[in-house]
1. Which of the numbered conditions does ASP402 fail, given that it passes all the others? Conditions: (1) open to solvent by less than 40 Å² (accessible area, probe 1.4 Å); (2) touching a strand residue (DSSP E or B) at 6+ places or on another chain (Cβ under 6 Å).
2. Which one of these does TYR356 not meet: (1) of a type outside the set (D, E, K, R); (2) part of a loop (DSSP other than H, G, I, E, B); (3) in contact with a Ser or Thr (Cβ under 9 Å, 6 or more places away or on another chain); (4) closer than 27 Å to HIS445 by Cα?
3. I'd like to verify a number: residues in segment 442-499 that are closer than 18 Å to ASP338 by Cβ, part of a helix (DSSP H, G or I) and either open to solvent by 50 Å² or more (accessible area, probe 1.4 Å) or among the basic types (Lys, Arg) (or both), how many?
4. Give me the pairs: first residue in segment 129-152 and in a strand (DSSP E or B) and at pLDDT 85 or above, second residue surrounded by 10 or more Cβ atoms within 10 Å (Cβ to Cβ) and among the acidic types (Asp, Glu), beta-carbon distance under 7 Å, and six or more apart or on different chains, which are they?
5. Consider SER13 carefully, then state whether it is open to solvent by 10 Å² or more (accessible area, probe 1.4 Å), more than 24 Å from VAL303 (Cα to Cα) and at pLDDT below 90.
6. From the set of residues in segment 421-441 that are farther than 15 Å from TYR556 by Cβ and hydrophobic (A, V, I, L, M, F, W, C), which is surrounded by the fewest Cβ atoms within 10 Å (Cβ to Cβ)?
7. Inspect all residues belonging to segment 203-216 and state whether any of them is closer than 19 Å to LEU55 by Cβ, part of a loop (DSSP other than H, G, I, E, B) and modelled with pLDDT of 60 or more.
8. If LYS91 satisfies all but one of (1) closer than 30 Å to GLU180 by Cα; (2) open to solvent by 60 Å² or more (accessible area, probe 1.4 Å); (3) basic (Lys, Arg), what's the number of the condition it fails?
Amino acid sequence: MRKCVLGAVFFASSFFAFSDGWVSELGSCWDSVAANPTLSSRSYYERYNEIAESLMSGKPGLDEVPEENLHDAWLSVLKDFESYWSSNCPKKISFSRLRKYSSKETVKIPFTVSVDPEEYNGETTKTIFQEVERETSKYSVSVTSDFTLKYMEILSIVKAGLRVARKPDWTDIPRNWPEESVHADSQSPESDGSCLVSFIGNKTASIAKVNGCDFLDLNFEVKDRSGHTFFSSGNKIVGTSDVIFDGIEGDKFALIDEAVAKGEIVYSPTGLSLRYGAPERVSAYSREWTKPLLSKPFSLSSVRFENPYETYREENHVIDEEEARIIASEMMVDVAGDGSIGSFEIEKTEVTQKLYKDVMRRNPSGFKNLEQPVETVSWNDAIVFCNRLSEICGRTPVYSVDGSTDWASWNYVPHSGNHLAGEIEVVPGDGFRLPTEEEWIYAAHGGNSHEEFAYSGSDKDKISEIAWYKRNARKTSVSAKKNANSLGIYDMTGNVWEWCFDFSKRDSSSRIAKGGSWSYDERFCKISDFYVRNPHQKFDCLGLRLVSGNSGSVPYTPSNSEPVPIAASPSISSTVAIDAK
């Protein structure tokens, strides 16, 4: 039986019930899975997907809502969204490393001098001040914030559903929600659970920043691991500027520097509040604009704080090792070698949204359907996924960054478009990885049967039988609905481009993808063609397919004049510098 967390009754010609807490229930399911990411949380995971798919289809919940009540039902969902994130911080808070720097400052030093008592009313001495320039040392730390994956995922679900459901006469639901709140005309936004204020038109907003800073007021202490406090921050609006600690006594410098060198600095938050209301004044250089604002404290136990001196490991997949091993064994196809290339395994289909979400907990795809291939995944995201899946399956990960195969130590946040800077290596192991271009082409041609088709399993006259491409698709399609090639591999032509490990020979900062996609015509879907993109870029026509095993294939890496076969030697190495865009 379906069960709603919160209920509300509306009366029309007849009454019906729907939950006004769908966002709250999504958040609760997310937390339950994150707290125990194993099979025991599968029911929460399935419930989350059930609600999410219903909302994205335009339904404000799991039950049918009469057309005349659809507006009120969606308004309730949006109010629940704003209220939920007023009580649950939507941001993760990040601290930089504690930095020491020196600066010169001019100070006035008092001196006592002798004077003529007749000129100074009988005084024989006088204090004068002399300006002296001296060097001082200070410490600073920057505190920044970014939306959590949980917030971004739930927001994307609600916005997608609202786009489907919205009617032209829904004028009280802002077009730019959540930048403008459904409580925009309320004089007392706090009474309705609305959290922030937009200063564009001075209307209440569900999301807002002023002069680049968040409405998050943080207090924290800087300690060492023994619990000794070096500094206290006082109130700090997150993102306004660095927090400066000065006036330090000389004997403390050695203790602080030693703690920094050993990575023993601990940032200990003592309070985080949400500021909201309608301030009379806004200033980027003082805290005066916060004075008229109300304050709502968050529970620190529910806020994610990232300390640069510690490795944050997010274990948020929802499949255990036994289940993952079964999935892995069923999804791979053996590809026999022919002498020029060794045997290896390749995935029957492109990585589906379901598998990706099971492992990464987030589905970044633009065309959401768990049976369709995952897309909007960067090359960097793909190698994190490979290592995470390898770990879950009990296999040895093959990707290493700066000597570590532990993805949690890479200082990289998936799906954010961040840089993944460092020395990226492929090391020996039985884990999952991206194919080399040579492996991809070999499998697309049917392995050692050496099919001479232009496409994987077909020539041009029958391409529609094996591929989703521009002439028969407007988006990605469910995997394995077209014919497979002779090895039983589906969608190597069309649906989504597939990342390979190789660098581009014409652009040493880019990687290549193969196979064409739903948005490209047949000339770009040929096995011989390829797609060049920077490793941080992501598009709704770009996904991945996994391989494993030692084929001896040689990927193209510009830093190696004589590249070494995949997994056949200690490592292949390439230093990657990634553009910002």
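1. Evaluating ASP402 over (1) open to solvent by less than 40 Å² (accessible area, probe 1.4 Å); (2) touching a strand residue (DSSP E or B) at 6+ places or on another chain (Cβ under 6 Å) leaves (1) as the failure.
2. So the condition that TYR356 fails would be (2).
3. The number of residues fulfilling the criteria is 2.
4. Pairs found: LYS138/ASP246; SER140/ASP242; VAL141/ASP242.
5. yes
6. Only one residue tops the list, namely ALA421.
7. yes
8. Going through the list (1) closer than 30 Å to GLU180 by Cα; (2) open to solvent by 60 Å² or more (accessible area, probe 1.4 Å); (3) basic (Lys, Arg), LYS91 breaks only (2).
The values are calculated or read from the model by the stated rules, or taken from the named source; none is laboratory data. All values derive from a computational prediction rather than experimental measurement. Positions of Cβ are backbone-derived with ideal geometry, glycine not excepted, and every protein chain shown enters the neighbour counts. Keep in mind that these areas ignore ligands, DNA and RNA; they rest on the heavy atoms of the full protein, side chains included. Shrake-Rupley method; radii C 1.70, N 1.55, O 1.52, S 1.80 Å.
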